[in-house]
Amino acid sequence: TQLLEQSPQFLSIQEGENLTVYCNSSSVFSSLQWYRQEPGEGPVLLVTVVTGGEVKKLKRLTFQFGDARKDSSLHITAAQPGDTGLYLCAGVGGGDYKLSFGAGTTVTVRA
Amino acid sequence: GAVVSQHPSRVICKSGTSVKIECRSLDFQATTMFWYRQFPKKSLMLMATSNEGSKATYEQGVEKDKFLINHASLTLSTLTVTSAHPEDSSFYICSASPRGGTGSLHEQYFGPGTRLTVT
C-alpha cells in the first residue's frame, strides 16, 4: 500500500476565503483522484489527474498534480458553505487498480 | 453516467445474525468492484477487491469467512457480514471501476454507502 499524507486534517474558514488542501507521498502514482464526501453518503469523484504538472479547473476548484506525480493540491477560491465536506485524495500506483486514500481533510465553510 | 447504488442504505441487526449488502453499477459494466469500511470522520479502508467470476482478494487483517463477497455479474457484487457483532457496526461503501474504457485512469465510482448497526 502506498501512503498518501493529506493536510491539514481540519480546516474552518469564513465564506469568501480561499483554501488549499495538500496530498503528498514518497511514491509515484499513475493517477490521482480527488473526492468530496458529505456525511452519510459515498465519496463523489471531483477530478482525476494523470500527467505530471497537470492543472485542472472545475469552477472555483483548481487541482494540480506534481511534476513527479508524487503530490497534488486542491485549491478552492472564494469558498462557499456548499463546499463544506470531507475531501479525500486517492492515488493509483503499482500494478493493481487499488486506490490508496489519504486520511481526508474536513472543510467547514462558515456563512 | 457512472452511477453505483447500494442496498440497503441502513440496516439494524441483532448480534449473531448475517446481513447482506448489495452493490450495483446501474449504467455501466464493472469487472472490478471494491468494498470499503469507514469509521466516523475517518478515511476509507479497503476491505477487499471483488472480481467478476473469480474469488475476491482480501486485504490483510480482513477475515474472508466473516465478510463473504460474491461478484455474480458485471453489475452486481454482494457483501455478507456473517455472525455480526457490535464491533462490525460501521459504514460500508462499495465502488466500481468501468470495464475497459478508462485505460490508465482507474477511476472508481462510489455507492452511497450502507450504515450497519449491530445491536
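Each reported figure results from applying straightforward, stated rules to the coordinates on display, with no laboratory input. All figures in this text were calculated on a predicted structure; none of them were measured in a lab. Ideal geometry is used to build each Cβ from the backbone, glycine not excepted, and the neighbour counts take in all protein chains shown.
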Assign unit charges at the C-beta atoms only (+1 for Lys and Arg, -1 for Asp and Glu), then state the dipole size of region B:9-119 relative to its Cα centre in Debye, rounded to the nearest 20.
-> 260
Chain A - percent relative contact order, Cα under 8 Å, separation 6 or more = 37
Have a look at B:Phe39, A:Gln33, A:Thr106 and report the one farthest towards the positive end of the charge dipole of the protein assembly as shown, computed about the Cα centre with Cβ charges (Lys/Arg +1, Asp/Glu -1).
-> B:Phe39
Cα gyration tensor shape of chain A, rounded if a/c is under 1.5, else prolate or oblate by comparing a/b with b/c | prolate
May I ask you to evaluate 6.51 cos²θ - 1.76 cosθ + 1.60, the Karplus curve with θ = phi - 60°, for each residue of region B:47-59 and list the ³J(HN,Hα) values in order in whole Hz, giving x for glycine and proline?
-> 9, 6, 10, 10, 10, 4, x, 9, 6, 6, 9, 9, 6
The answer for A:Arg69, listing residues at least 5 apart or on another chain whose modeled amide H is closer than 5 Å to its amide H, is A:Gly53
Rounded to the nearest 20 debye, dipole of the protein assembly as shown from Cβ charges on Lys, Arg, Asp, Glu = 260
Per-residue HN-Hα couplings for region A:13-21, Karplus 6.51 cos²θ - 1.76 cosθ + 1.60 at θ = phi - 60°, whole Hz, x for Gly and Pro?
-> 9, 8, 3, x, 7, 9, 8, 9, 10
Loop GluC sites (Glu not before Pro), region A:12-111, which have at most 15 other Cβ atoms in a 10 Å radius of their Cβ (DSSP) | A:Glu15, A:Glu17
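In region A:19-73, which trypsin sites (Lys or Arg not before Pro) fall in coil by DSSP and have 14 or fewer other Cβ atoms within 10 Å?
Within region A:19-73, the qualifying trypsin sites (Lys or Arg not before Pro) (loop, at most 14 other Cβ atoms within 10 Å) are A:Lys59, A:Arg60.
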Would you be so kind as to identify which of B:Phe91, B:Gly61, B:Ser15 lies farthest towards the positive end of the dipole of chain B, taking Lys and Arg as +1 and Asp and Glu as -1 on Cβ and the Cα centre as origin?
-> B:Ser15
Under the Karplus relation with 6.51, -1.76 and 1.60 and θ = phi - 60°, whole-Hz ³J(HN,Hα) for region A:46-53, x at Gly and Pro, equal 9, 7, 10, 10, 10, 9, x, x
For region A:1-59, which semi-axes, largest first and in whole Å, follow from the square roots of 5 times the eigenvalues of its Cα gyration tensor?
-> 21, 15, 14
Name the long-range amide H neighbours of A:Gly104: under 5 Å, sequence gap of 5 or more, or other chain; modelled H, no Pro or chain starts.
-> A:Gln6, A:Cys89
Using alpha-carbon pairs under 8 Å, 6+ residues apart, how would you state the relative contact order of chain B in percent?
-> 37
Search the structure for amide H atoms under 5 Å from the amide H of A:Leu46, placed 1.01 Å from N in the peptide plane, and list their residues when 5 or more places away or on another chain.
-> A:Trp34, A:Tyr35, A:Arg36
